[in-house]
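Novice: Structure in structure tokens, see below.
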Amino acid sequence: MHSPVAQGFSYFREALPLLLRPGLRLFVILPLLVNLLVFGGLIVFALQLFNDTLAHLMGSVPDWLSWLDWLLWPLFVVLMLLTVFFTFSLLANLIAAPFNGFLAEKIEVVLRGRDDFPPFSLQELAAMVPRTVSRELRKLAYFLPRAIPLLLLTFIPLINLVAIPLWLLFGVWMLAIQYVDYPADNNKLSWPDMLAWLREKRWQSLGFGGTVYLALLVPFANILVMPVAVAGATLFWVREGGVERVTGR
């Protein structure tokens, strides 16, 4: 039997074969195109931000703490990678939210063998935009009040040795929220109830979110992460009893 953390990883691993099924390609290609455009347009900015920020932080370390350079450098690398790629993920998901919602619907239909959702159409897509964008902004409102204090702590010498791992853990948790929210929202599970459900599945959530995070750090492959993560989150939702949570069965 898989441990809860390993189970979270397995949902991501099993997602790719699902995406290759006939009838799902349109819903895979659209989020991929959005992700490609966002990452392509911002990659130069990200590299410049990374280089400038790292140089500034390393230059601000006092001489008497210069021996910490070997420790601070990899920690700041982790921080910047998390900040850059997670921020880009939020932006890409904001733009692609309606398409991701439809992809989660179609994956759930395949997994459950029944279709309780409206058929895909331009009218249905337009109707989904306000709801999905509103939900993305709700995620941002959850993220910022927790991320900003953690980010500020990373600029305080010595304290940042604790703050950076906490920031990493929070980022992993946030990625689980980001993607599991698509099938939860499709099934009309409220935001507080969705968070409560994920807390009940804490270790599976961290296993899934950690896998998504690691995949986002792989150059070029990270462009493919969005649809795989949506499919994996839908697997998570169905197999961990998300539908039963909504129906009360």
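Novice: Checking the conditions here, which among Leu49, Leu68, Leu90 is touching a Pro at 6+ places or on another chain (Cβ under 9 Å), in a helix (DSSP H, G or I), at pLDDT below 75 and surrounded by fewer than 19 Cβ atoms within 10 Å (Cβ to Cβ)? Reasoning before the result, please.
Specialist: Details: Leu49 fails: touching a Pro at 6+ places or on another chain (Cβ under 9 Å); Leu90 fails: touching a Pro at 6+ places or on another chain (Cβ under 9 Å).
Only one candidate qualifies: Leu68.
Novice: On to the next question. Can you tell me which residue is nearest to Arg239 (Cα to Cα) among those in region 10-22 that are in contact with a helix residue (DSSP H, G or I) (Cβ under 7 Å, 6 or more places away or on another chain) and surrounded by fewer than 19 Cβ atoms within 10 Å (Cβ to Cβ)?
Specialist: Ranking the candidates gives Glu14 first.
Novice: Same structure again: Any idea which of (1) surrounded by 20 or more Cβ atoms within 10 Å (Cβ to Cβ); (2) closer than 19 Å to Phe99 by Cβ is the one Leu140 doesn't satisfy?
Specialist: (1)
Novice: Of these, Ala196, Ala163, Ala221, Ala215, which one is out of contact with any helix residue (DSSP H, G or I) (no Cβ under 6 Å at 6 or more places or on another chain) and at pLDDT below 90?
Specialist: Within the list Ala196, Ala163, Ala221, Ala215, the selection yields Ala221.
Novice: Sticking with this structure for a sec: Within region 157-173, identify whether any single residue is in contact (Cβ under 8 Å) with a residue 40 or more places away in the chain and more than 17 Å from Arg146 (Cα to Cα), and answer yes or no.
Specialist: So in region 157-173, the residues in contact (Cβ under 8 Å) with a residue 40 or more places away in the chain come out as 157, 160-161, 164, 167-168, 171-172.
Within this subset, residues satisfying the condition of being more than 17 Å from Arg146 (Cα to Cα) are 157, 161.
Yes, that holds for at least one residue.
Novice: Is there a residue being farther than 18 Å from Ala229 by Cβ, assigned to a helix (DSSP H, G or I) and modelled with pLDDT under 75 anywhere in region 144-154?
Specialist: Scanning region 144-154 turns up no residue that is farther than 18 Å from Ala229 by Cβ, assigned to a helix (DSSP H, G or I) and modelled with pLDDT under 75.
Novice: Could you tell me how many of the residues in region 216-228 are more than 23 Å from Pro98 (Cβ to Cβ) and in contact (Cβ under 8 Å) with a residue 40 or more places away in the chain?
Specialist: 1
Novice: Still on this model: Which one is surrounded by the fewest Cβ atoms within 10 Å (Cβ to Cβ) among residues in region 93-130 that are basic (Lys, Arg) and modelled with pLDDT under 85?
Specialist: Arg114
The values are calculated or read from the model by the stated rules, or taken from the named source; none is laboratory data. Keep in mind that what you see is a predicted model, and the values were worked out from it rather than measured. Ideal geometry is used to build each Cβ from the backbone, glycine not excepted, and the neighbour counts take in all protein chains shown.
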